[in-house]
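Encoded as structure tokens, the structure appears first; notes follow it.
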Amino acid sequence: MKTSEGLTSQVSVADFTAVMGSFPAGVTVVTGLGNDGLPRGLTSTACCAVSLDPPMVLVCVDKTSTTLLALKEGAGFVVNYLREGAEDVARLFATKSDAKFADLTWSIGSSGAPVLGDHVCAVAEVRTRQVIEAGDHWVFIGDVIGAWADPDLQPLAYLRGQFRHLVAA
Ligand SMILES: Cc1cc2nc3c(=O)[nH]c(=O)nc-3n(C[C@H](O)[C@H](O)[C@H](O)COP(=O)(O)O)c2cc1C
């Protein structure tokens with residue numbers, strides 16, 4: 001197939017998404033606060049650890065995301081790791097609605113970005129260090145400056161286009 005850079009890729013979009021979809025992911029809501037002071041966020045599975053010492057994570061955000069400006073303007077972002085049962089929150093933050101936060105409890109954390117008060121099993125508050133353009137996404141890499149996890153809550157998972165609940169092997 002022809003890529004947006006005018007090059008030829010040996011891999012079709014269908015094959016690429018089939019492979020990526022075969023890797024189970026936790027489901028997060030990545031949030032930011034821009035200069036307009038309004039909370040923004042999107043559902044994201046493209047989040048992972050980068051470094052242990054210092055603790056760093058990355059998130060990948062599509063260039064068409066309405067959350068992008070807030071992430072670029074703000075000094076940091078929050079990775080809100082959704083818990084089992086939060087499928088509706090995941091679906092809501094996968095829309096372009098202006099009112100994603102209307103019925104949710106949230107507060108501004110140490111990164112300056114919104115922390116969800118419910119529906120989460122863990123939270124990472126991140127100060128942005130690097131923003132890198134990569135294909136049709138921007139990659140935000142940052143230092144984890146706050147971390148919270150409840151080991152009694154199960155995470156929401158995503159695999160092959162479906163939300164999943166985890167069971168022990
Ligand atoms: C399970 C799931 C995972 C997703 N992961 C990402 C992701 O990692 N990065 C991304 O840019 N969009 C991802 N999306 C798509 C965005 O959530 C979706 O485009 C959303 O409408 C963006 O909202 P915004 O434009 O208001 O920021 C995902 C959607 C779903 C349902």
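Every number in this text was worked out from the coordinates using simple rules, so none of it is lab data. Because the structure is predicted, anything quoted here is derived from the model rather than measured. All Cβ positions, even for glycine, are placed from backbone atoms using ideal geometry, and neighbour counts span all protein chains on display.
Structure above, values below:
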| read-out | value |
| --- | --- |
| Computed lengthening from Val131 to Ala94, 0.36 nm per intervening residue step minus Cα-Cα distance | 11.1 nm |
| Residues of type lysines that Lys96 reaches as a straight line, Cα spacing below 16 Å, ignoring anything fewer than 8 places off in the same chain | Lys63 |
| Dipole of region 1-150, positive direction: furthest Cα of Ala25, Val123, Leu58, with charges on the beta-carbon | Leu58 |
| Kirkwood hydrodynamic radius of the chain, Cα pairs, Å | 16.6 |
| For the chain, the longest site-free run once trypsin sites (Lys or Arg not before Pro) in DSSP loop states with at most 12 other Cβ atoms within 10 Å are removed | 97-159 |
| Inter-site label distance for Thr66 and Met20 at 7 Å from Cα along Cβ, in nm | 2.2 |
| Reachable aspartates and glutamates, given that their alpha-carbon falls under 17 Å from the alpha-carbon of Lys2 and they are not under 8 places away in the same chain | Asp15, Asp136 |
| Two-site FRET efficiency, Glu5 against Ile141, from Cβ-Cβ distance with R₀ of 30 Å, rounded to 0.05 | 0.85 |
| Anchor Lys72: aspartates and glutamates whose Cα lies under 13 Å away (excluding residues fewer than 8 positions away in-chain) | Asp36, Asp62, Glu133 |
| Ellipticity estimate at 222 nm from DSSP helix runs (n ≥ 4, -39,500 (n - 2.57)) divided over the chain, nearest 500 | -3000 deg cm²/dmol |
